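Read through the structure below, which is laid out as structure tokens, and then see the notes.
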Number of protein chains: 4
Amino acid sequence: MKNNTNTTRSEDKHQRIIKAALKVFAKKGFYNSKVSEIAKEAEVADGTIYLYFKNKDDILISVFETEMKTMINNMKKELGTSQDPIEKVRIFAFQHLNMITENQEWAEVAQVELRQSTKFMREYVKDHYADYLNLFAYIVREGQEKGVFKEDINTGIAKRAFFGALDEMGRYWVLSRSKRYSVEESAKQISDIFIKGVMNQ
Amino acid sequence: MKNNTNTTRSEDKHQRIIKAALKVFAKKGFYNSKVSEIAKEAEVADGTIYLYFKNKDDILISVFETEMKTMINNMKKELGTSQDPIEKVRIFAFQHLNMITENQEWAEVAQVELRQSTKFMREYVKDHYADYLNLFAYIVREGQEKGVFKEDINTGIAKRAFFGALDEMGRYWVLSRSKRYSVEESAKQISDIFIKGVMNQ
Amino acid sequence: MKNNTNTTRSEDKHQRIIKAALKVFAKKGFYNSKVSEIAKEAEVADGTIYLYFKNKDDILISVFETEMKTMINNMKKELGTSQDPIEKVRIFAFQHLNMITENQEWAEVAQVELRQSTKFMREYVKDHYADYLNLFAYIVREGQEKGVFKEDINTGIAKRAFFGALDEMGRYWVLSRSKRYSVEESAKQISDIFIKGVMNQ
Amino acid sequence: MKNNTNTTRSEDKHQRIIKAALKVFAKKGFYNSKVSEIAKEAEVADGTIYLYFKNKDDILISVFETEMKTMINNMKKELGTSQDPIEKVRIFAFQHLNMITENQEWAEVAQVELRQSTKFMREYVKDHYADYLNLFAYIVREGQEKGVFKEDINTGIAKRAFFGALDEMGRYWVLSRSKRYSVEESAKQISDIFIKGVMNQ
DNA sequence: CATGAATGAGTCTTCATTCAT
DNA sequence: TATGAATGAAGACTCATTCAT
């Protein structure tokens, strides 16, 4: 009766396929991944994929939405631990970079695959990214309201700039497979520059 | 004399194909572009492509190298107009964003296609990007040497952060096709934050 | 008592599937019909189909045999109402054309699907069609014996010719979905021509 | 310079594929024929098929149109040899049955495949068949105008009846692979019945 | 150098059939 | 008997690349 783990077969497979797809996409890239590879990785038959997903694109979309939700929820939770805008900036930076290094597969896919998506994919990507970026926009606005951040900072630009700064570090780690610059140091430098850059005085 | 136009026929076609490829890649994406489409756009026969390029990947590499060289040269020229590190930061920001909006096709390809490149492509991309990023690293180091920028700024992180901040704006314009936030304003905001963020005092 | 309705559950389902299959085949054609569609139409599970039929071909065969038996029985009953060969020719014509227009679904399948049957299907089709055609051959022979039809009429040819003449009208109705030429008029014209054509003098 | 035979490569292949398709369709049926089988039979690569035909359906349509045109032209030529409606009826019967036995492959396809065609195929089939059937309708009308055939014969019904009568014989030969009833005898019986059936007096 | 017809390997997707429950 | 999730074989079609002219 402890049916907490009573996920149906279906949910199991759905998750298994998404997980397998993430792995395969990260390794080979979307266009070079075969559906049959994903099936093999998920230990299901090729046809089974199509019981859970409309087509190959749909798998990518699902991977994206699943991971993006986790990302947003985790970030919200972390940001909830502080009331200080300055502290929140540091948390955002660390959390984002940390996520990238801890979930290399997703980072790889997010950095690489989602950006070359076809037109209709863009819609999915855009909206979820917007949600994520706005978590940071709120911090900036909050800082402005509290009078710690300069009024003339445009949040629309600032959120993209800060996110871009972090993300480029992630891209560096992902693409070069380098381990130079620790998460801690990178997060500190970037948030320090930003905070000093936007603070009143 | 008149040697300006003394490019051989071959060079003509080579360029024509690269130009056509840039256009097609920008519109459809690398994997959804057909070699025959590029050939048509370049007004050559399909087979002719293979007299100038080893394969489809090779076309993308050539497009990349051609555009990247132009990008680097233009940036160098612009940066040469000033001696002041602070001014140079502003120039870099404006020049990069301006390039993105003025060469939409290339921006589209750079933002999107190059990042989903296969393993061997990464090498090409990495090296050229490094050259470009280092143009900015020099500025930071120069600023530190002149004592205007803080010593504890890590140039390896700073160059990526600044470039990433700019590039994310470009990605926004490319992906969302939005025209919000002018080049001037975006460049000013981002360089202002950065400059204030890294300056001594 | 009340044994009329004493069909077992099984027989119910068997019939339900055949009926559903007829409907689906008529609408989509055999090769474009999915077993799952038939199951849905019959309101049974996909797997249930295979408790009653060996495979998809077997369903078509069953549909065919079921309908063909009905067709033959009905025709026999109608022909039994007369002793006159000439009258029987008219009855056959009217009854056949009437059946086609009243059982459009079956007509569609009979006209179209059964003729593209695979080798082994042909056997089933051939034998049952032979039974049906022979109902007409009897009429002709009877007419010859009674001296009203010419002796030199080859019944093997005549039965096919007459049936073909009628059937082509049916095909026209089915394929063109036209309503031109009423059943009555068509039956009259075709039987008139045939009767005059085969009568002594 | 005797370039009569100077058909281009293309025309050669186009014809070769059609011929091969006719053979394969006749043997296996449309749905059981693989494009690769047709390619093999035509001695071209699979992909080559798609240089000449949009898809598998398109091959069937082309086969149909090619053969149907030949059929109509041949029939016209034969009918042109006589001025007598009665004689023309006999010619039509003989020519049609003869065609069926001489071009078994086409007969097989025409009898079987074309009738199970999908909706859009029906259009093609209907129009060409109409042309063919009308060749016979003209004969009947001509007979009526000359006063040899009864005025009250409906040509719309008569043409279908006569064609259907002949075609059913063809179907018999095709489906049963029987050789009973010669072309001559069948043609004679069927046209005799019809002529006697529709003649004035 | 240039052409473009021909190639054929490669992959997504469908769907009849099975089988554990 | 009944279910329907799972299977996996099969095939139409695409498109990068070649090569005879």
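The values are calculated or read from the model by the stated rules, or taken from the named source; none is laboratory data. If you're wondering where the values come from, they're calculated on a predicted model, not measured in any experiment. In this analysis, Cβ positions are derived from the backbone assuming ideal geometry, glycine residues included, and neighbour counts consider all displayed protein chains. Keep in mind that these areas ignore ligands, DNA and RNA; they rest on the heavy atoms of the full protein, side chains included. Shrake-Rupley method; radii C 1.70, N 1.55, O 1.52, S 1.80 Å.
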**OP:** Output, in nm with one decimal and in ascending order, the distances from the C:Asn74 label point to the matching label points of the other copies (7 Å from Cα along Cα-to-Cβ).
**Re:** 3.8, 6.9, 7.9
Original post:
What angle, in degrees between 0 and 90 and rounded to the nearest 10, separates the Cα long axis of helix A:155-176 from the longest principal axis of the Cα atoms of chain A?
Top reply: 50
Original post:
If you roll a 1.4 Å probe over segment A:60-198 with all protein chains in place, what percent of the accessible area is carbon or sulfur?
Top reply: 50
**OP:** On a C-alpha basis, how far is the centre of segment C:25-48 from the centre of segment A:22-46 in Å? Whole number, if you could?
**Re:** 32
**OP:** Would you work out if the protein assembly as shown is rounded, prolate or oblate? Take a ≥ b ≥ c from the square roots of the eigenvalues of the alpha-carbon gyration tensor; rounded if a/c is under 1.5, else prolate when a/b is larger than b/c, oblate otherwise.
**Re:** prolate
Subject >> Nitroxide proxy distance, nm - points 7 Å out along Cα→Cβ at C:Lys77 and D:Gln104 >> reply: 4.3
Original post:
What is chain D's relative contact order, in percent, from Cα pairs under 8 angstrom and six or more apart in sequence?
Top reply: 22
**OP:** Report the closest approach of any chain B C-beta to the axis of the B-to-D rotation: residue and distance, in whole angstrom.
**Re:** B:Gly47, 4
**OP:** With label points built 7 Å along Cα→Cβ from the Cα atoms of D:Glu11 and B:Glu185, find their separation and express it in nm.
**Re:** 6.7
Subject >> Buried area at the B-A interface (accessible, heavy atoms, 1.4 Å probe, summed, Å²) >> reply: 3900
**OP:** Show the residues, 5+ positions off or on another chain, whose built amide H is closer than 5 Å to the amide H of A:Phe149.
**Re:** A:Gln144, A:Asn200
Subject >> Distances in nm from A:Glu43 to the matching label points in the other copies, shortest first (labels 7 Å along Cα to Cβ) >> reply: 4.1, 5.2, 6.0
Original post:
For C:142-153, what's the mean count of beta carbons from other chains sitting within 10 Å of each residue's beta carbon?
Top reply: 1
Original post:
From the label point of C:Glu11, set 7 Å from Cα along Cα→Cβ, how far away are the matching label points in the other copies, in nm, ordered shortest to longest?
Top reply: 4.6, 6.7, 9.2
**OP:** Leaving out ligands and nucleic acids, note down the accessible area per residue over segment D:58-198 with a 1.4 angstrom probe, in whole Å².
**Re:** 39
Subject >> ³J(HN,Hα) computed for each position of segment B:50-61 - Karplus, 6.51 cos²θ - 1.76 cosθ + 1.60, integer Hz, glycine/proline x >> reply: 7, 7, 10, 9, 5, 6, 5, 4, 4, 5, 4, 4
Original post:
What percentage of the solvent-accessible surface of segment D:7-53, computed with a 1.4 Å probe over protein heavy atoms, is contributed by carbon and sulfur atoms?
Top reply: 49
Original post:
Mind ordering D:14-27, A:32-45 by average Cβ neighbours within 10 Å, highest first?
Top reply: D:14-27, A:32-45
Original post:
Is chain A rounded, prolate or oblate when judged by the Cα gyration tensor, a ≥ b ≥ c being the square roots of its eigenvalues, rounded requiring a/c under 1.5 and prolate requiring a/b larger than b/c?
Top reply: prolate
**OP:** Tell me the label-point distance for the pair B:Lys69, B:Val148, using the 7 Å Cα-to-Cβ offset, in nm and rounded to one decimal.
**Re:** 3.3
Subject >> Shielding by partners - mean other protein chain Cβ count within 10 Å, residues of C:180-192 >> reply: 3
Original post:
What size of dipole, in debye to the nearest 20, comes out for chain D about its Cα centre when the only charges are +1 on Lys and Arg C-beta atoms and -1 on Asp and Glu C-beta atoms?
Top reply: 340
Original post:
If you place +1 on the Cβ of every Lys and Arg and -1 on the Cβ of every Asp and Glu, how big does the dipole about the Cα centre of the protein assembly as shown come out, in debye to the nearest 20?
Top reply: 420
Original post:
How large is the helix-only mean residue ellipticity at 222 nm for the protein assembly as shown, computed as the sum of -39500 (n - 2.57) over DSSP H runs with n ≥ 4, divided by its residue count, in deg cm²/dmol to the nearest 500?
Top reply: -24500 deg cm²/dmol
Original post:
If you line up the long axis of helix C:119-145 against the longest principal axis of chain C, both from Cα atoms, how many degrees apart are they, to the nearest 10?
Top reply: 30
Subject >> 0 to 90° range, to nearest 10: angle between helix D:183-198 axis and chain D longest Cα axis >> reply: 40
Subject >> Shielding by other protein chains, C:29-37, mean Cβ within 10 Å >> reply: 2
